[in-house]
1. Can you tell me which residue in region B:163-188 is most open to solvent (accessible area, probe 1.4 Å), limited to those that are farther than 18 Å from A:V88 by Cβ and among the aliphatic types (A, V, I, L, M)?
2. State yes or no: is B:M97 more than 19 Å from the chain's Cα centre (by Cα) and either within 13 Å of B:T190 (Cβ to Cβ) or not hydroxyl-bearing (S, T, Y) (or both)?
3. Are any residues in region A:13-24 open to solvent by 40 Å² or more (accessible area, probe 1.4 Å) and either modelled with pLDDT of 95 or more or closer than 30 Å to B:R43 by Cα (or both), and if so, which ones?
4. Filter the helices (runs of 4 or more DSSP H) completely within region A:25-107 down to those with at least 1 residues that are open to solvent by 20 Å² or more (accessible area, probe 1.4 Å), closer than 27 Å to B:I180 by Cα and of a type in the set (A, V, I, L, M).
Amino acid sequence: MSLPILVVDDSAMARKMLIKSLPPEWDVEISQAENGVQAIEAYRAGKAAVMFLDLTMPVLDGYGVLETLRKEDLNSMVIVVSADIQPVAQERVLSMGAIAFVKKPVSSELISTVLKQYGVI
Amino acid sequence: MSLAALSNDQRDALQELTNIAMGQAGASLATLLDEFVDLSVPRIRVVELVDLPPVLAELVGKTNLVSAVRQSFQGYLRGEAIIIFGEPGCQALADLMGFEGELGESGENELLLDVANVLSGACLGGMMEQIRNFTETKGPAELSFSMPSVMARQVMAEQLIDPQKVQWSHALLLEVNFTIKNRDFIAHLTMLMPEEGIEKIRGILDEFLAAF
């Protein structure tokens, strides 16, 4: 069965870049969300065994999503994908339950490394 | 002649490129200010220079006073970056830098120059870096910058740029939002360029869009 994964970013191009960086052999069913509220809806609908989450978004940002997931038992592996390279941002999302932080622009090498590290692929 | 506005896809791509570039600016500012900096680019648009004064006035508020720094660039793209700060932003920066009471004009100018330099360098430099990484563009995507200088202190936004006195025909406007220590402030980056500069950027964006 394909693994349901969710790509969350307000930029259509950023979502495309990320989807293109996923390992081609990875058997996944990809859903997309443009903001945190859509992300949480998709998560509740069981579409996010793995979530790639941008931080800066309208309506509800990535921190807001992490906070909500934490209240709801965090039944998803969240990989934060952000251009914010301040160490504080990384520490903060990891402390909020994200398993990893990937810096934008993403590359297939970066994504594969993280997925392998956590035994996702 | 008038230039077509950026398409939605082109704007989305430029916004994402700029956001990535701004990640570097945020990190540099965080070091400069010793505070966590939340930084985003919510709005981008291209306007003809004749339309710039009223657009700027609308963006920063018609009755608000602004200060601005200018810095020219040349190489892969040529033009002039103008970084505009509203007065509350200047004061917030001074507070964050830990200046007690009156900073004095020279101190404030220095602060504006530092922050403007970080923003324009990160924005344009970051864009060039991504152009080099992603596209098969002819010729090296390098830029050199002049020293920044303060062009205006506490003037009305509408009076900041006189289209008659500027050699460039178009402006690429980026609004940059910062949040530092729960204080929000906004800077506007205005890149003045000739029409071929805007067309060059449009070509790069189309290459990006085709690649993904």
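The values are calculated or read from the model by the stated rules, or taken from the named source; none is laboratory data. Fair warning: this is a prediction, and the values are worked out from it, not measured in the lab. Heads up, the Cβs are rebuilt from the backbone with ideal geometry, glycines too, and the neighbour counts pull from every protein chain shown. Side chains included, ligands, DNA and RNA excluded: accessible areas come from the protein's heavy atoms. Shrake-Rupley method; radii C 1.70, N 1.55, O 1.52, S 1.80 Å.
1. B:I186
2. yes
3. A:K16, A:I19, A:K20, listed by residue number.
4. The qualifying helices (runs of 4 or more DSSP H) are A:36-44, A:87-95.
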